[in-house]
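Encoded as structure tokens, the structure appears first; notes follow it.
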Amino acid sequence: MGKVHQIYHTVEGFSFLKSKVEELTMKIKESVLAVYEATGVYTKPLQRFLEKNENKQSRSRRCNQRNSGKQKHITRKQIKKILNP
């Protein structure tokens, strides 16, 4: 914890995110609030993942910055696989 991690929209990325949220929840003994920038369709997989995992979330408004790299996406089927191993 305490470090910045880049999370890709892949099974591995969301599995890592899930483990970190669970770790932090156990450590602070409170629910975790995920805060992220709403970037249109690119945040939909993250939003779905947080909702299915019943995590609290807050989206900030989109900035006018362009993403320099290609975004990898995760499907609903892959999210279900992460949440229900």
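The values are calculated or read from the model by the stated rules, or taken from the named source; none is laboratory data. Keep in mind the model is a prediction, meaning the values are calculated, not measured. Positions of Cβ are generated from backbone atoms using ideal geometry, with glycine treated the same way; all protein chains shown enter the neighbour counts. Areas reflect the complete protein model, heavy atoms only, side chains present, ligands, DNA and RNA absent. Shrake-Rupley method; radii C 1.70, N 1.55, O 1.52, S 1.80 Å.
Per-residue answers, yes or no, for (1) open to solvent by 60 Å² or more (accessible area, probe 1.4 Å); (2) part of a loop (DSSP other than H, G, I, E, B); (3) at pLDDT below 65; (4) of a type in the set (S, T, Y):
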{"residue": "S31", "(1), (2), (3), (4)": "yes, yes, no, yes"}
{"residue": "F49", "(1), (2), (3), (4)": "no, no, no, no"}
{"residue": "R59", "(1), (2), (3), (4)": "yes, no, no, no"}
{"residue": "R62", "(1), (2), (3), (4)": "yes, yes, yes, no"}
{"residue": "R66", "(1), (2), (3), (4)": "yes, yes, yes, no"}
{"residue": "G69", "(1), (2), (3), (4)": "no, yes, yes, no"}
{"residue": "I74", "(1), (2), (3), (4)": "no, yes, yes, no"}
{"residue": "K80", "(1), (2), (3), (4)": "yes, no, no, no"}
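Just to be sure I understand, how many residues within the stretch 1-37 are under 12 Å from the mean Cα position of the chain (by Cα) and small (G, A, S)?
Within the stretch 1-37, residues that are under 12 Å from the mean Cα position of the chain (by Cα) and small (G, A, S) number 4.
Filter the stretch 2-29 down to the residues that are open to solvent by 50 Å² or more (accessible area, probe 1.4 Å) and touching a Lys or Arg at 6+ places or on another chain (Cβ under 8 Å) and list them by number.
Within the stretch 2-29, H5, Y8 meet the criteria.
Mind counting the residues in the stretch 1-48 that are under 15 Å from R59 (Cβ atoms), basic (K, R) and touching a residue at least 12 places away in the same chain (Cβ under 8 Å)?
1
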